[in-house]
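S.K.: Sharing a structure, written as C-alpha cells. Questions coming.
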Amino acid sequence: IYSIRAYFDKNESPISISFNTSVDHDDIAEMISDNVSTLTLQDLMELLTTGKPSIVEKGVVICKFQGGLDNSTFADRFNFEAFPQLVKWFGSDQHDSWDLEKCPVPINVTRIKIGFPHICCLDRDSIIGLQKALDWRFKKTGSSMKIGQAMFLNSKLKPITNRWVSELITKLAERSGIQKKFEIKSGHKNEKVSHELRDLLKSTLNSCGVYAYASNHLIGHMPRDSYEKEAILYPDKIRAEYMKASSTLNIFTGFTKYISGDTERDVLVHEVEGLKNKLDQEKASNTIELQSIKKDHEKIMAYIERQESKKE
C-alpha cells in the first residue's frame, strides 16, 4: 500500500480518498462542491488593483501567473536563473531597453518538487512588471542587477522566499475583499491561495485551444508516459502554443474584454470596424483636400485666360 501511494505521490496524483459510511453521499458531494478553491481572471485583476500590491508584489504575482510556477521553484530557481536568459533573449542587460514585441519569452527552469526541467513563458505584462521591480531594486540597492543575483527582493532587500510568495496571494485577496473561507475540522481554509494561479493559467491555456501536452508542460507537469516527447523534440512549439493565449493572459496590455467573456472574434470585429472608420475619415479628409486643390487650379486657369484676352 505504501509503495503504491508513494508512486502516485511522485507522479502528482496522490491517493487521499477516505470513506465514511455514516455520511450520506449527497452530503459529501455538496460539501466538496462548496469547498472548491477558484481564482478567475477578474479575481486576479482585483488582486492587482484593489489589493494595492507594491511594485515587487505586483511583479511577482503576474510573473508567477504567466509562468505557471509553484512557490518554491519561483523563489529558489526562477528568481535567480531567469535574468541571464532574459538578457540573452532581449540581447541586453539593460532591462529598460527590452523590446516587448519579442514576448513571450521562454525560460528554462527545473521544478524543484519533482526535478522536472521544463519551459515556462513570460508575456508582456510579466516583463513590464519585472522591469518596474528591477527599477525599484536599483533605486533601493544603488547597483544594477548582476548574473546570479535575485531579481525580486523583499522590503529588507533580501531575496523573496517560498513562504513570502505563499502568503502573498492570501494577503492581497483579503485586502481586495474577495477572500472566502472554507470551514474544515481544524478551523478554516482560504479559497484564494497561491496554487490557484497555476490552475488559472492551465485553465486559460486550455480554453484558448492550447494543446494539452503544452499546457501541462508549461506548468511543470511531467508527461503521462515515456512516449510523449513533443516538448523535447519540438521545444519551439511550446512558445507557439502559449502565444494562442497571449491576448487573454495579458490582462493589462492585452484585450481586457476577454475577462468579461468577449470572444476573440468580437475583439477582431471591433478592431476591423475601428480601422474602417479611420480609413473613411482619411478618405473624407483627402476628398476635401482634392476639392480645394481643384478650386485653386480653376482660379489660376481663369486668371491666365483673362491675361491672354487683355493681350489680344
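S.K.: Please list, by residue number, every one of the trypsin sites (Lys or Arg not before Pro) in the stretch 166-235 that is coil in DSSP and has at most 14 other beta-carbon atoms within 10 Å.
M.R.: Details: sites: K171, R175, K180, K181, K185, K189, K192, R198, K202, R224, K229; in loops: K180, K185, K192, R224, K229.
Of the trypsin sites (Lys or Arg not before Pro), the ones in loops of the stretch 166-235 whose Cβ has at most 14 other Cβ atoms within 10 Å are K180, K185, R224, K229.
S.K.: State whether the stretch 35-174 is rounded, prolate or oblate according to the following rule on the C-alpha gyration tensor (a ≥ b ≥ c being the square roots of its eigenvalues): a/c under 1.5 gives rounded; otherwise a/b larger than b/c gives prolate, and the remaining case gives oblate. Before the final figure, lay out the partial values.
M.R.: Details: a/c = 1.43, a/b = 1.26, b/c = 1.13.
Cα axes put the stretch 35-174 in the rounded bin.
S.K.: Any of K64/K132; K171/K202; K58/K171 with alpha carbons more than 20 Å apart? Name them for me. It would help to have the intermediate numbers written out before the result.
M.R.: Values: K64/K132 15 Å; K171/K202 23 Å; K58/K171 12 Å.
In this structure, K171/K202 lie more than 20 Å apart at Cα.
S.K.: Calculate, for T253 and L290, the FRET efficiency according to 1/(1 + (r/R0)^6) with r their C-beta to C-beta distance and R0 41 Å; round to the nearest 0.05.
M.R.: According to the calculation, E is roughly 0.55.
S.K.: Distance check, please: which entries in K139/K192; K113/K189; K146/K180; K52/K113 exceed 29 angstrom between their Cα atoms? List each step's numbers first, then the result.
M.R.: Details: K139/K192 32 Å; K113/K189 23 Å; K146/K180 41 Å; K52/K113 31 Å.
Beyond 29 Å between Cα atoms: K139/K192; K146/K180; K52/K113.
S.K.: For an R0 of 25 angstrom, estimate the FRET efficiency from the Cβ-Cβ distance between Q281 and T40 and round to the nearest 0.05. Each step should come with its number before you reach the end.
M.R.: On the way: r = 38 Å, r/R0 = 1.53.
Efficiency, rounded to the nearest 0.05: 0.05.
S.K.: Just to verify a number: FRET efficiency for E308 and N108, C-beta to C-beta distance, R0 = 51 Å, to 0.05? Please list the in-between numbers first.
M.R.: Working: r = 82 Å, r/R0 = 1.60.
Computed FRET efficiency for E308 and N108: 0.05.
S.K.: For D225 and Q85 in one chain, what is 0.36 nm times their gap in residues minus the Cα-Cα distance, to one decimal in nm?
M.R.: Numbers: separation 140, 0.36 × 140 = 50.40 nm, distance 2.92 nm.
Extending this stretch completely gives an extra 47.5 nm.
S.K.: What is the stretch 141-214 by shape, rounded, prolate or oblate, if you read a ≥ b ≥ c off the alpha carbon gyration tensor as root eigenvalues and call it rounded for a/c under 1.5, prolate for a/b larger than b/c, and oblate otherwise? Don't jump to the answer; show the numbers that get you there.
M.R.: Working: a/c = 2.67, a/b = 1.25, b/c = 2.15.
Oblate.
S.K.: Take K299 and T50, extend 7 Å from each Cα along the Cα→Cβ direction, and tell me the distance between the two endpoints in nm.
M.R.: Here the answer is 6.1 nm between the modelled labels.
S.K.: Subtracting the Cα-Cα distance from 0.36 nm times the residue separation, let me have the gained length for K180 to N162 in nm, one decimal.
M.R.: 4.2 nm
S.K.: Let me ask something additional. Taking the Cα-to-Cβ direction at D135 and at N154 and moving 7 Å from each Cα, how far apart do the two end points lie in nm?
M.R.: For D135 paired with N154, the spin-label model returns 2.5 nm.
Read-outs throughout are calculated quantities, based only on the coordinates presented, and are distinct from any laboratory measurement. Not measured: the values here are computed from a predicted model. Neighbour counts run over all protein chains shown; Cβ positions are idealised from the backbone, glycine included.
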